Amino acid sequence: MDKKFSPKFIKYFVTSIIAIVASLLIIMLFSYFSDRIIVTYHNGYTETSELAAEGYAKLAEERVLNYKNKLEDFYDEEIFTNGSTTSIILHISHKGKELSSDFVDVFYFDENGVSTDIHGVVRDVRKREYFTALMYSGAKNFYTGAEISMVAGVPVFIIARAVYDAHGKFRGGLCGTIKLDAFGESFYKINVLGKGDISILDKYGRFVINKEPQLLSKTFVPKNPDLRMYSSESIAKIKSGSIVTENPYGEMVSLIFRPIHVAGWIMCVSLPADTLIKAYKERMMIRSLMVFFALIVIFLLFFGELKLIDFFQKKEFLFMDYDSITGLWSQDRFEHEADKHLRRRGKSKFMLIDCDILGYKYIGQNHGENELKKLIRFVAKVIDQTAQKHNGICCHGSSDHFYLFFKISSVKNAMKVFKEYARENLSVTDNYKIPFNLKFGIAFLLPEDKYQGLTISTLIGQASIAKKNLRKETDILYSIYDAKFLRHIQEEYFLESQCEKALKNREFFVLYQPKISLKDEKIIGAEALVRWQHPERGVIPPNDFIPLFERTGFVTKVDFFVFEEVLKFLDARIKAGLPVVQISVNMSRNHNKPERFMEDFLEIFNKYNVPSKYIQVEILERSFSENRILAQITDLLHQNGFTVAMDDFGTGESSLSMLTQVPIDVLKFDRSFLLSSTNSHGEIDRRSAGFIESFIGLSKRLDKEVVFEGVETESQRDFLRVIDCDTVQGYFYSRPLSQKDFESFIENHY
């Protein structure tokens with residue numbers, strides 16, 4: 001009798017054969033593609049290194065040009081063109097007080113090669129390279145290589161700028177000497193290479209930056225005889241390339257170098273040669289694990305019940321591909337479909353928009369979870385209609401995030417369509433029962449983008465970064481990602497990480513800018529202004545940190561620090577029996593809870609014996625919707641005896657309506673009024689004069705005291721005096737002063 005096999009045995013036997021064959025095919029495929037994977041990885045490794053070298057080269061150019069701009073601060077057209085050599089030397093000696101700590105010296109040389117620095121030291125520079133370049137080659141600017149300073153004996157480089165007289169004849173040069181260690185410090189702070197290293201060579205192969213200070217201004221020759229052809233002097237001549245050589249520590253490295261065009265230097269990026277070998281081993285291990293995992297998956301698929309697998313696959317499809325709240329694609333499905341477009345992009349251009357709801361958390365707190373879901377569905381409908389209209393795809397991400405992806409013909413046309421779409425939807429969002437607005441981050445992928453492995457996740461990340469730096473154009477809140485955001489974000493992260501420590505270490509300090517009465521030109525007050533003295537970066541301008549602190553909320557702590565410093569100053573003068581003037585302190589926009597602000601303000605104020613009449617609070621003009629908050633804060637300040645000034649009046653959204661709603665005492669007109677109304681001779685334009693006079697007349701009729709900021713010329717002062725302005729503030733009388741200098745100013749002008 002023939003042996004018969006049961007259907008169950010045949011089923012498992014056939015399934016096993018199929019599983020084994022499938023597993024063998026997978027192993028063969030992985031073996032076939034393993035070398036290609038390593039090659040692709042190697043290419044990506046090299047490409048990343050080259051991008052890093054090019055990025056650092058551009059950063060070096062920006063740093064050099066920044067130093068050149070600082071040197072330009074010493075140049076005065078009138079003095080250098082028409083003044084005598086003596087007046088030029090006196091000018092740079094005076095300006096030398098403002099010299100950045102990165103500079104060793106600033107000096108001037110005449111056409112005879114006689115140089116004089118800010119310390120009055122005279123030298124003969126006729127044999128110096130920068131003199132020859134400017135004098136005989138006709139160069140307008142020249143950058144030396146690394147050398148040793150004759151003044152300080154430390155490694156430096158020199159920036160030289162040609163000076164011509166009124167007839168265009170060469171008459172000398174203005175030079176700045178910059179320390180190499182200061183120039184190189186910033187590069188190591190932002191080193192993104194991990195184990196790698198960076199250095200810069202001048203055109204002679206001498207090190208401009210290197211993490212070993214003893215190598216600065218010196219050349220380097222590898223100890224290995226076979227590699228001596230790759231000395232630093234040889235690399236400087238080649239200017240651009242990739243080699244494997246030896247570093248000063250005797251280690252083998254992959255060296256990628258690119259030119260720094262503005263100075264004629266070379267940026268070098270070195271990575272340990274064993275990094276790629278290690279990466280190769282890790283890739284092989286991952287490949288083995290993938291093969292093992294694939295085998296397990298194959299056996300599970302084939303030994304499972306087919307109908308059950310089909311059932312779960314359908315459920316997984318519904319769960320993974322569609323968002324349960326909006327019915328739009330899930331982010332996983334969206335990214336999968338978008339990546340398919342990117343893989344076959346060729347020369348196509350794409351646009352990614354990250355959209356979310358402004359004040360989303362606030363809406364949830366005030367209206368509840370159910371209303372939030374309704375709002376999300378409403379926005380989803382608008383987003384979906386937009387995607388269909390412009391042949392794009394969209395999805396709902398986490399929370400209130402939505403993503404749209406389009407193939408575009410050009411960035412210009414895409415932005416035009418985007419702005420039209422955003423403005424069309426303003427009326428839609430305005431008519432919704434809960435007031436809300438949308439904000440957008442935008443990223444583009446263009447054919448010239450070098451990184452071939454870019455995915456939709458990368459674009460989403462870029463759009464998210466852009467959205468953190470929104471700018472407002474009419475009523476549309478959007479921002480576009482570009483490479484500058486990386487440096488900007490790095491700088492903001494650094495400042496944000498330093499602020500608490502800076503406050504604790506008293507790195508913030510207060511300057512006082514006097515306010516002068518036009519009736520008798522006596523001092524009647526001052527404005528307290530905050531500055532940041534960073535131990536490494538020197539004085540950081542307020543425009544670099546105040547906007548950031550306003551976004552993070554840290555500005556309120558800075559405000560209260562300034563309040564207390566001012567009160568300490570006034571209290572000390574009162575106890576010493578010295579003259580006292582009213583000091584105005586700025587209150588940032590972040591103080592949006594009047595009672596809480598007043599409580600904290602009085603807690604500091606009551607620690608000192610200072611009458612309230614000596615403190616004036618300057619508030620900023622806000623939008624019409626915030627006038628209620630300003631009115632409450634002003635009333636509370638008045639109840640406690642303080643006066644209130646409106647700072648930067650005339651630059652906000654609600655100037656005239658605000659005057660009838662907020663009972664402020666003083667109007668401070670922004671310096672832009674005078675700046676835009678003053679011609680090149682320092683005189684006020686006739687039409688602008690009438691406009692300013694009308695504004696002051698209106699203020700007087702409303703019983704408001706008037707202060708004008710930005711008074712810098714005698715003509716401006718005389719004009720404001722004639723039209724009955726009360727008080728002025730500006731460089732014509734004084735810059736912001738340290739406490740010591742301000743005390744002297746009071747003694748001389750009280």
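The values are calculated or read from the model by the stated rules, or taken from the named source; none is laboratory data. This is a predicted model, so every value here is computed, not measured. For neighbour counting, all protein chains shown are included, and Cβ atoms are generated from backbone atoms with ideal geometry for every residue, glycine included. When the accessible area is computed, the model is the full protein with side chains, heavy atoms only, and any ligands, DNA or RNA have been set aside. Shrake-Rupley method; radii C 1.70, N 1.55, O 1.52, S 1.80 Å.
So here's what we get for this one:
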quantity	calculated
In sequence order, calculated HN-Hα J values of the range 549-564 (Karplus, 6.51, -1.76, 1.60; Hz; x Gly/Pro)	5, 5, 5, 8, x, 5, 4, 5, 5, 5, 4, 5, 4, 5, 3, 5
Area accessible to solvent at residue 660, 1.4 Å probe radius, in Å²	120
Three-way shape call for the range 180-246 based on the alpha-carbon gyration tensor, with the a/c threshold at 1.5	prolate
Anisotropy class of the range 80-134 from Cα gyration tensor, a/c 1.5 cut	oblate
Over the range 493-545: Rg over Rh, Cα atoms, Kirkwood Rh	1.18
Computed accessible area, residue 211, all protein chains, 1.4 angstrom probe, square angstrom	100
Accessible area, probe 1.4 Å, largest first, for residues 429, 86	86, 429
Chain lengthening between residue 251 and residue 521 when straightened (0.36 nm per residue, less Cα-Cα)	90.2 nm
Most to least accessible of 630, 51 (protein chains only, probe 1.4 Å)	51, 630
Cβ crowding within 10 Å averaged over residues, with 159-168, 572-581 ranked highest first	159-168, 572-581
Length released on extending from residue 90 to residue 204, taking residue separation times 0.36 nm less the Cα-Cα span	37.5 nm
Computed accessible area, residue 481, all protein chains, 1.4 angstrom probe, square angstrom	50
Pairwise Cα inverse-distance average, inverted: Kirkwood Rh of the range 338-392 (Å)	13.7
Sites residue 48 and residue 119 - FRET efficiency at Förster radius 56 Å, r taken between beta-carbons, to 0.05	0.75
Spin-label model distance (nm) - residue 166 vs residue 575, 7 Å beyond Cα toward Cβ	5.9
Fully extended contour minus Cα-Cα distance, from residue 748 to residue 17, at 0.36 nm per residue	253.0 nm
